[in-house]
1. Using alpha carbon coordinates only, what is the Rg to Rh ratio of the stretch B:3-89, with Rh defined as the Kirkwood radius?
2. Which entries of A:155/B:155; B:155/B:265; B:184/B:440; A:420/B:440; A:184/B:155; A:420/A:453 have Cα-Cα distances beyond 20 Å here?
3. Evaluate the distance, in nm, between pseudo-label points positioned 7 Å from the Cα of residue B:384 and of residue A:262 along their respective Cα→Cβ axes.
4. Between the stretch B:1-39 and the stretch A:307-336, how far is it from one alpha carbon centroid to the other, in angstrom?
5. Could you work out the local net charge near residue A:44, counting Lys and Arg as +1, Asp and Glu as -1, over the other residues with Cβ closer than 11 Å to its Cβ?
6. State the answer as a single residue: which of B:207, B:127, B:151 lies farthest towards the positive end of the charge dipole of the stretch B:96-214, with beta carbon charges of +1 for Lys and Arg and -1 for Asp and Glu, about the Cα centre.
7. If you put +1 on each Lys and Arg Cβ and -1 on each Asp and Glu Cβ, how big is the dipole of the stretch B:130-208 around its Cα centre, in Debye rounded to 20?
8. Can you compute the modelled spin-label distance between residue A:214 and residue B:136, with each label point 7 Å from Cα toward Cβ, in nm?
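The values are calculated or read from the model by the stated rules, or taken from the named source; none is laboratory data. Note that the structure is predicted; figures quoted are calculated from it, not measured. Here Cβ is always computed from backbone atoms with ideal geometry, including for glycine, and neighbour counts include all displayed protein chains. These accessible areas exclude ligands, DNA and RNA; they are computed on the full protein's heavy atoms, side chains included. Shrake-Rupley method; radii C 1.70, N 1.55, O 1.52, S 1.80 Å.
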There are 2 protein chains.
Amino acid sequence: MSELIARLREGLPGDAVVTDPDILGGYAHDMASFCPAGTPAAAVLPRTTEEVQHVMRTATALRTPVVPQGARTGLSGGANATDGCVLLSLTRMNRVLEISPVDRIAVVEPGVVNADLSRQVAAHGLSYPPDPSSWEECTLGGNIGTASGGLCCVKYGVTAEYVLGLDVVLADGRLLRTGRRTAKGVAGLDLTRLFVGSEGCLGVVVGATLALRAEPPRQLALAAEFPSAKAACEAVCRIMEAGHTPSLLELMDRTTLRAVNALTKMGLPESTEALLLAAFDTPEPSGPLAAVGALCEEAGASAVVPADTPAESELLLQGRRAALVALEAVRGTTMIDDVCVPRSALAALLEGTAAIAERHRLTIGVCAHAGDGNTHPTVCFDARDEDEAHRARASFDEIMELGLRLGGTITGEHGVGVLKREWLARELGPVGLEIQRSVKAAFDPLGILNPGKVF
Amino acid sequence: MSELIARLREGLPGDAVVTDPDILGGYAHDMASFCPAGTPAAAVLPRTTEEVQHVMRTATALRTPVVPQGARTGLSGGANATDGCVLLSLTRMNRVLEISPVDRIAVVEPGVVNADLSRQVAAHGLSYPPDPSSWEECTLGGNIGTASGGLCCVKYGVTAEYVLGLDVVLADGRLLRTGRRTAKGVAGLDLTRLFVGSEGCLGVVVGATLALRAEPPRQLALAAEFPSAKAACEAVCRIMEAGHTPSLLELMDRTTLRAVNALTKMGLPESTEALLLAAFDTPEPSGPLAAVGALCEEAGASAVVPADTPAESELLLQGRRAALVALEAVRGTTMIDDVCVPRSALAALLEGTAAIAERHRLTIGVCAHAGDGNTHPTVCFDARDEDEAHRARASFDEIMELGLRLGGTITGEHGVGVLKREWLARELGPVGLEIQRSVKAAFDPLGILNPGKVF
């Protein structure tokens, strides 16, 4: 038994240290399975803050890399193992410690599953808006680490807006409390928001105080069919320019619609080039929904299909929710891009992506949180075909390049991880990258926290 | 002429360097006039980013402290001069560079006055929500530096939620661009939000990309009179617990009501112990307003007065807007506290504050952004009376101590500055303070940016 394992066991229960290589393999990577993953020395599954502190103290003493993990549903390899690392899984710290309807906050441990919190707060008439696609599996700690988005962002914003305070175990094992449980607060630097989206590079989140909202009415949706992606993007711009605040504004292109039909037999309209889904969750949604339908028609929609009930609306959304799985079935493997552009540049991004797909003879389906300009061009390829995999990677990169050229970002909500590390420097520039590294070093001078990720 | 002045003049127009002591004095402090202010070496008023870079390069070369300033409407001495410093006023960089209704963003220079931006975006049917009381004078750069709040926060949040990207001149003169002009983005650490509320200690903001919202309908308000502050706070809790999202939820205590009447002759009800103002800016505000009125009555309101029109609502709010000026007239000077507590602790804070006032034989008026639990206990005193001034300072501190004991923060929206520097350590604890200082050092290793503030 190595010194590392022996020392880890000194402060952890027997079942909290995993070294069996067969079991370890399952912990070694997230959902971006094509990103490289190293061979971990161990996985640890602490149940308390003190146990996490013990892990970090041990790692600091032995200069061992530590990779914090939630449910490993990430899409950029941010939770992948590095050689010889300790995988620090927070999934057993999964208690909801408090829900306060008056203060509209929840206090949680990092391993609570997003959907579990949503259901628990719903029982109090409250909602926790951030809703990444993996919400039935992903943990709140993981959501905080990656600053997760979701379908709701166009109205309700992203995870950063809902994190009021954090308990963080630092690289050397000290416990840092940031933020507050009040609605507002500006005492000192806003370290809370600095941790959101830091992908496990600054510290290990062991507790969070989250802001909640009053639960809105169930949303009512419409679907609009367009003869071109450009026309659908034009509708998105008109809707936002007219001052509407939909609770959801999603786009699926023809490739995605066909893939969803192939998987689910839902009968989505395959002859249409782009389908737009819009919803409102206001007390009287039919008014704005009709106005949005009219704007879609002005922008060239060939058909506008409003739902009559929330249940019908949910049916319309099921296709969208199935999109990524459906696209994966097309060629066996996908690379999911996450480029976000100003919504005025959405049409240019979609047209450019279609040209990239054609040039590389690839199938690239696009679904998008269109209201935010956040697209997921999804490159479908056969990983066993070396040439196709090579073209897939080239097209994936070209889409990011296009996004940057259009004033966008390489990642709207999935994070940098391993996948986009080389691209971060291009987005940030040399001054930005240098300052980011200085900040990282202020928290983690030995560089043991998730090394090789992000920077 | 000193070397500092000579070198500053090398890269700045003649009228951009102020050294006349009489004029300099006017730049030496913000609105917290009882905080100590040193004697500056010069004030500079650059018009371009390059000029700001020249100032910072000069300051780095000569190890000269630099104090960034906006309109100096701050309430904690954060913009006060330190001895021998350069006061760096950004007020001449006051252009709105872009307003995009489709992307719902504005690109601004830091010296733009908050109300000027609000008016310009209103012409496009848009709003920039953060509305500090000084909105007709304060600059957006100052709002960003202090993470300003306002009356709107209970529904629309604080400045941090509206800053998408920043251009920042670093201590050594390098230009850093953070963030983005897209609705979402998670590429690297969120330095944008780290700068918001950093009180000029990390860099000099020379440009900002701000998120806008669709302009809501004009709000409709009601006023409710309560026989005790406790009952008014109980109403606040019931309103929030019932799931309402008012656009404004403000409280004034009897001392404040009397002060406002004395100043404005508005005829607010002086026999009442606390007045609550609630408003909604939804398309149909009368429904939720009636529900809130009923909740106020259940909590013990002696009278509920709904406005019939937005104009009437504005009249109701005028008293609230006059509160701080009115309280200043009571004894000539005020110390405005800014304690924010979980709203469930609002009643305890108000009762505790009344006890502190009594113990110190002082007049302390409380107005509060009650929906956020953010109170402004305002200690009225005669600065010429040494004993009274001493008691004022003691009571001011005791209110912060009470706020911390109730799970709150020493500052909800005004910042730490000079005024609350000693208190920051108590709120953050030793680990928090140490980490904050490390982060500060990563940006400003020589410690020339606003030294002696915050930390």
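1. Values: Rg = 12.2 Å, Rh = 12.8 Å.
On the Cα set of the stretch B:3-89, Rg over Rh gives 0.95.
2. On the way: A:155/B:155 13 Å; B:155/B:265 31 Å; B:184/B:440 26 Å; A:420/B:440 28 Å; A:184/B:155 12 Å; A:420/A:453 9 Å.
Cα-Cα > 20 Å for B:155/B:265; B:184/B:440; A:420/B:440; rest within.
3. It works out to 8.7 nm between the two label points.
4. About 61 Å separates the Cα centre of the stretch B:1-39 from the one of the stretch A:307-336.
5. On the way: positive: A:9, A:47, A:92; negative: A:15, A:51.
Within the 11 Å Cβ shell, the charges total +1.
6. Towards the positive end, the residue furthest out is B:127.
7. Details: 7 positive and 8 negative charges, 87 e Å.
Its charge dipole is roughly 420 debye.
8. A separation of 3.2 nm, rounded to one decimal place.
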